[in-house]
Amino acid sequence: MNSTPGIGARLGDYLATLRIYTQPRVVRMLFLGFSAGLPLLLVFGTLSFWLREAGVDLSTIGFFSLVGLVYGFKWTWSPLVDQLPIPLLTRMLGKRRSWLLAAQLVVALGLCGMALSDPALGLQRIAALALLTAFASATQDIALDAFRIESAEVEEQGAMAAAYQAGYRGAMLMASAGALLIAAAFDANEATYEQAPWAATYFIMAALMGIGIITVLLSPEPMPITTGGTLPAQQASSPPGTIARLGRWLVVAFVLPFVDFIKRYRYDALLLLALIGSYRISDVVMGVMANPFYYDMGFTKEEIATISKVYGVIMTLVGAGLGGVMSLRIGVVRTLFIGALLSAATNLLFAWLATRGHDLSGLVMTISADNLSAGIASAAFIAYLSGLTNIRYSATQYALFSSVMLLLPKFIAGGSGVFVERYGYETFFTSTALLGVPVLVLIFLARNISMFDRGKLAQRTP
């Protein structure tokens, strides 16, 4: 007799938890996440489909993905985003919004430049524009991560991450399924390659960056944080010359964020960096060859786009929302483990699909499972990384973490095309699944390291 009230109370708790997704600051992250997620596949997965259709070989496509290494090195200029104002724009919008807007405008311009390029006539121009777009996209990520972390308290970061991830994954689906549908709609004959459909596609993708631009213009700047650190007395008393001021600024911008992380976690910092650097390795390495795999299996652009749009969107939103709720209810670390396990396991479905060929029902199951697991893993991972940052250095430290997250996977992914040409798709996807096993071990070892030690002594100024 007592079980019914208990069940009702627990249900009420879960419904109350879900109401956090209606908060304006959480809703904003949905649209800003869309702006962040849109460029990634346009210089990565969707671009690989375009290159393949233009007759570019798999090895070149694999090496082309090294453009993504830009995301792995964004920590090198993140202190500039964290500390340096943009003339006039920062005075008008604030530090975070000014960098967001500037980066979004460059992304849109880069996509327009790619629209005017043709890989069949030469790869140099489109490679340079893809690199520019990736650089601006990575800069947007730096500013947006700081904006998100500074816009909510620690306990709300799971929901912020889930909303961000829902928008991000929705944008990735638009940049993959949506882009393929648009290209197919403008392609009169898929039997022959034409550049015009891809030009129309990339112009439309550039216009969609307006969603993020409008959101930035309508959003409030996060409340400013007190100074990023203190210098030793002998340095603070240096003569007030230009060189001394520059030196102090460089220490605060580049040195203190990294020293802070090592000081807080000591030897555990190495374990955390190893976990961060390998968590997404299965997804990222596999993702480079996903679209060429679909093409080589005989799936049309319409088939891939339709299945991704229907099943992919649903499962992505379910996965991101579920990941956010799981992080709140069972903890971020447990959700992190479940997400890593599912992400590695779903790669085996791609290996299975490689034995089936053109199997639409198999594609539905594979894409659905892949998007669900990715949503859960990404929401938990974003919350985990957010918990590791000190709010004084949110942009720099989060950029360090997200750069480490991508550096090794992107580097390995550069040889994915060579691996597929030598061993085939089935062996490739099985190997990417096995790459996820060490991640589970690292999560187990890091399970007792305190996450939410974010330097709460940093206070928001009124």
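The values are calculated or read from the model by the stated rules, or taken from the named source; none is laboratory data. Small disclaimer: the values here were computed from a predicted structure and weren't measured. Cβ atoms come from the backbone with ideal geometry, glycine included; neighbour counts cover every protein chain shown.
Miscellaneous remarks
- Subset of the stretch 51-68 [crowded, with 20+ Cβ neighbours inside 10 Å and either under 26 Å from residue 211 (Cα atoms) or small (Gly, Ala, Ser) (or both)]: 62, 65, 67, 68
- Of the residues examined, residue 244 is not one that is out of contact with any strand residue (DSSP E or B) (no Cβ under 7 Å at 6 or more places or on another chain), farther than 24 Å from residue 38 by Cβ, at pLDDT 70 or above and aliphatic (A, V, I, L, M).
- Residue within the stretch 333-344 that is touching a residue at least 12 places away in the same chain (Cβ under 8 Å) and within 28 Å of residue 59 (Cβ to Cβ) present: yes
- Pairs where the first residue, in the stretch 182-204, is closer than 18 Å to residue 306 by Cα and the second is assigned to a loop (DSSP other than H, G, I, E, B), C-beta under 6 Å, 6+ apart: 197/186; 197/187
- Of the numbered criteria (1) buried (at least 24 other Cβ atoms within 10 Å of the Cβ); (2) touching a strand residue (DSSP E or B) at 6+ places or on another chain (Cβ under 9 Å), the one residue 150 fails is (1).
- Against the test of being modelled with pLDDT of 90 or more and within 24 Å of the chain's Cα centre (by Cα), the options 160, 209 yield a single qualifying residue, 209.
- Only a single criterion out of (1) among the hydrophobic types (A, V, I, L, M, F, W, C); (2) surrounded by fewer than 21 Cβ atoms within 10 Å (Cβ to Cβ); (3) under 27 Å from residue 447 (Cβ atoms); (4) touching a helix residue (DSSP H, G or I) at 6+ places or on another chain (Cβ under 7 Å) is not satisfied by residue 330, namely (4).
A quick yes/no check of all residues on (1) crowded, with 21+ Cβ neighbours inside 10 Å; (2) in a helix (DSSP H, G or I); (3) not β-branched (Val, Ile, Thr):
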site: 274; (1), (2), (3): no, yes, yes
site: 277; (1), (2), (3): no, yes, yes
site: 283; (1), (2), (3): yes, yes, yes
site: 288; (1), (2), (3): yes, yes, no
site: 302; (1), (2), (3): no, yes, yes
site: 365; (1), (2), (3): no, yes, yes
